[in-house]
Amino acid sequence: MNFTFGWNDWFMIITAFIFFSLFLLIRKYFPPSLVIIIWAFANTYVASIDYFLLATPFDLYYFGDNTTYEASGALFHLVTYPCGALLFLYGYDKWKLYGKKTFWYILLWTGFSLFFEWLTLKNNDLHYTGWKLYYSIPTYPLSAVLVIILFRFTKRKLQDLSIQELTKK
């Protein structure tokens with residue numbers, strides 16, 4: 001494994017720390033079971049897409065200093081992405097950004113996500129070998145819609161369970 005610890009690794013660590021710190025500020029907004037479900041979904045979803053596009057025959061991009069998997073890159077999968085999903089859902093639910101507001105909220109987050117991807121490129125954490133930034137434009141809204149669907153489904157099921165528990169008492 002050809003691994004050197006440089007600025008790009010620090011960027012990943014600092015980013016994960018910031019996202020996790022922001023998550024800690026809002027964590028009590030969500031029931032723990034919902035956090036676990038969203039966290040697991042975000043890890044599985046992002047890892048599946050990344051490993052599919054990172055692997056042969058596509059080899060469209062890689063994280064870190066080389067094409068092998070690095071520990072600092074795991075922070076993005078295990079911490080940054082799930083915290084980002086929960087921060088996105090916090091704003092969506094807390095400020096009741098439903099209906100037409102959802103469209104604008106997703107558009108705003110797509111812009112942020114594209115900026116963050118660009119920033120990751122500029123800090124040499126992400127390297128394109130065939131991917132282009134504009135390929136990501138449809139992926140962010142799709143991801144946002146999927147996480148909203150999962151959130152609403154899970155929230156409704158948890159509320160149904162709470163009502164059932166209350167009626168049993």
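Checked against the criteria, Y135 counts as assigned to a helix (DSSP H, G or I), under 24 Å from T68 (Cα atoms), modelled with pLDDT of 95 or more and not β-branched (V, I, T).
Region 1-75 holds helices (runs of 4 or more DSSP H) entirely within its bounds, and those carrying 3 or more residues that are out of contact with any strand residue (DSSP E or B) (no Cβ under 8 Å at 6 or more places or on another chain), closer than 17 Å to V147 by Cβ and of a type outside the set (G, A, S) map to 7-26, 32-54.
When region 1-40 is filtered for residues that are of a type in the set (V, I, T) and out of contact with any helix residue (DSSP H, G or I) (no Cβ under 8 Å at 6 or more places or on another chain), the ones remaining, listed by number, are T4, I14, I18, I36.
Residue pairs whose Cβ atoms lie under 7 Å apart, separated by 6 or more positions or on different chains, with the first residue in region 79-96 and assigned to a loop (DSSP other than H, G, I, E, B) and the second surrounded by fewer than 21 Cβ atoms within 10 Å (Cβ to Cβ), do not occur.
Figure legend. Inter-residue proximity from region 121-143: first residues closer than 24 Å to I13 by Cβ, second residues at pLDDT 95 or above and of a type in the set (D, E, K, R), beta-carbon distance below 6 Å, spacing 6+ or different chains. Indicated pairs: S136/E117. Scanning region 144-161 for residues that are surrounded by 12 or more Cβ atoms within 10 Å (Cβ to Cβ) and among the charged types (D, E, K, R) turns up R152, K155, K157. Among residues of region 22-37 that are more than 10 Å from L87 (Cα to Cα), those with a Cβ under 7 angstrom from a residue that is basic (K, R) and in a helix (DSSP H, G or I), sequence gap 6+ or separate chain, pair up as Y29/K94; L34/K155; V35/R27.
The values are calculated or read from the model by the stated rules, or taken from the named source; none is laboratory data. Note that the structure is a prediction, hence the values are computed from the model and not measured. Backbone-built Cβ (ideal geometry, glycine too); neighbour counts: all protein chains shown.
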